[in-house]
Amino acid sequence: MNWIPLENEHQLQEIKAKSSFRSQVIFKHSIRCGISGVVKSRLEKGKLPPDVDCYFLDIIHNRILSNKIAEEFQVFHESPQVLIIRNGECVYDESHMSITSQGIVAQAM
């Protein structure tokens, strides 16, 4: 899996624009959370569709951006958390151990 680092608000506008022709996945990760580490490892071992972009947000170093994502896509902030963006809107969000590559595949298509 090739994570795209999510580091600034400008990228949110790019994600929204690109989501009109391919699903965008945002994974919000906390380096201080054991569950988040387990979920990240599971995602990296799983199979995600090749036609989605997968963004990685380190919420410890980018908490303001994490809050902006929650506001922009009208979801409650959690960590770890995965969001799927399609046509400029969040069509799926899941958190903690409920995050699976199979769930992402099912919702991204």
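Compared with the direct C-alpha span, the chain from Ile4 to Asn67 gains 20.8 nm at full extension, assuming 0.36 nm per residue.
Here His29, His10 are placed in order of increasing Cβ neighbour count within 10 Å, fewest first, which gives His10, His29.
Applying 1/(1 + (r/R0)^6) with r as the Cβ-Cβ distance of Val105 and Ile31 and R0 = 30 angstrom yields a FRET efficiency of 0.70. Counting only Cα atoms, the range 1-54 measures 33, 25, 13 Å along its principal axes, largest extent leading. Applying 0.36 nm per residue to the separation of Arg22 and Glu89 and subtracting their alpha-carbon distance, the gain on full extension is 22.9 nm. Estimated purely from DSSP H runs of n ≥ 4, each contributing -39500 (n - 2.57), the mean residue ellipticity at 222 nm for the chain is -11000 deg cm²/dmol once divided by its residues.
For the range 4-108, the alpha carbon convex hull comes to 82 Å³ per residue, rounded to a whole number.
Rule-based calculations on the coordinates, nothing more; no lab input. Here the structure is a predicted model, which is why all the values come from computation and not from measurement. Note that we place each Cβ from the backbone using ideal geometry, even for glycine, and neighbour counts take in every protein chain shown.
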